[in-house]
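What follows is a set of notes on a single structure, which appears directly below.
Throughout, read-outs are computed from the coordinates displayed, never taken from laboratory work. Quick caveat: nothing in here was measured; it's all calculated off a predicted structure. With ideal geometry, Cβ positions are generated from the backbone for all residues, glycine too; neighbour counts draw on all protein chains shown.
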Amino acid sequence: MATAKYIVGNWKLHGNAQENAARLAALKERCRPDDALAVCVPFPYLAQAQQALQGSTIGWGAQNVSEHAKGAFTGEVSAAMLADFGCGCAIVGHSERRSLYGEDDATVARKAQAVAEAGMTPIVCVGETLAERERGETAQVVTRQLAAVLAHVSAETKRRLVIAYEPVWAIGSGRAASEEDVHEVHAMLRGQLEQAGVTGTRLLYGGSVKASNAGALLNIADVDGALVGGASLDAEEFLAIAQAARV
Ligand code: PGA
């Protein structure tokens, strides 16, 4: 049976124990064994996700990670700590981390390496701002962001990478990128990866993915899944996206 496209929920700074329990139970009960789903939850709820999703095929992961292995870094969480109790993936370089917390390309590359070294899947986000797009710099920005990662990480990490193209202006705006734009950028990323000798990488699209546009977006060549923010907080919406991802 063909595997469904990979759908990752990014809960961001949302949820509480009670809400999460209901959402996770709904996902566990109604997902199909061949769905490829994961939820990236706030750190304090990782253990809740682990417990609630036991016995299901739904993965769970973090939204950020420290670039450091250990030491005097108050407030940080290392990749090894996440891996210690079975966490499967971590988002790195989300545009909110880049813009609000000053993460640069080099930091993102170090985080991707840390996640993969711990045996997890790094979901690396790239994407241009609206100003960059309007200046015609989309290709340049996205290529630079991916190149920084490819230049830093090991060959083994390259094999584990998942790349999410998330145009910053499409995130949380309700306005997803057009199919043409997504196709163009994904084809470019695929070419860049292949030039670096990296094949089979899953390329996700993110930015205002919802049940109503998931089918069209997931149907685009070189789109292997989606990173879903707002719509991942609603179990019905997320499950409808999962349905659209079945191939
Ligand atoms: P959105 O967020 O689906 O709410 O646009 C996507 C993301 O930030 O990963």
Near pairs, Cβ below 8 angstrom, 6+ apart or cross-chain, from the stretch 225-240 (in contact (Cβ under 8 Å) with a residue 40 or more places away in the chain) to any residue that is within 8 Å of the ligand (Cβ to nearest atom) and polar (S, T, N, Q):
227/10; 228/10; 229/10; 230/208; 232/10; 238/232
By residue number, the members of the stretch 146-177 that are within 15 Å of the ligand (Cβ to nearest atom), over 11 Å from residue 126 (Cα atoms) and either part of a helix (DSSP H, G or I) or small (Gly, Ala, Ser) (or both) are 169, 170, 172, 173, 174, 176, 177
Residue 99 - would you say it is of a type in the set (Ser, Thr, Tyr), more than 20 Å from residue 224 (Cα to Cα), within 14 Å of the ligand (Cβ to nearest atom) and out of contact with any His (no Cβ under 6 Å at 6 or more places or on another chain)?
yes
Within the stretch 123-145, residues within 16 Å of the ligand (Cβ to nearest atom), under 19 Å from residue 91 (Cα atoms) and not polar (S, T, N, Q) come out as 123, 124, 125, 126, 127, 128, 142
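Evaluate the following for residue 190: is it in contact (Cβ under 8 Å) with a residue 60 or more places away in the chain and out of contact with any helix residue (DSSP H, G or I) (no Cβ under 9 Å at 6 or more places or on another chain)? Explain how you work it out, then say what you get.
On the way: in contact (Cβ under 8 Å) with a residue 60 or more places away in the chain: no; out of contact with any helix residue (DSSP H, G or I) (no Cβ under 9 Å at 6 or more places or on another chain): yes.
The answer is no for residue 190.
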For a quick check of your reading of the model, give me the residue pairs whose first member lies in the stretch 99-116 and is free of Cβ contacts under 8 Å to residues at least 12 places away in the same chain, whose second is surrounded by fewer than 19 Cβ atoms within 10 Å (Cβ to Cβ) and assigned to a helix (DSSP H, G or I), with beta-carbon atoms closer than 6 Å and at least 6 apart or on different chains.
103/97
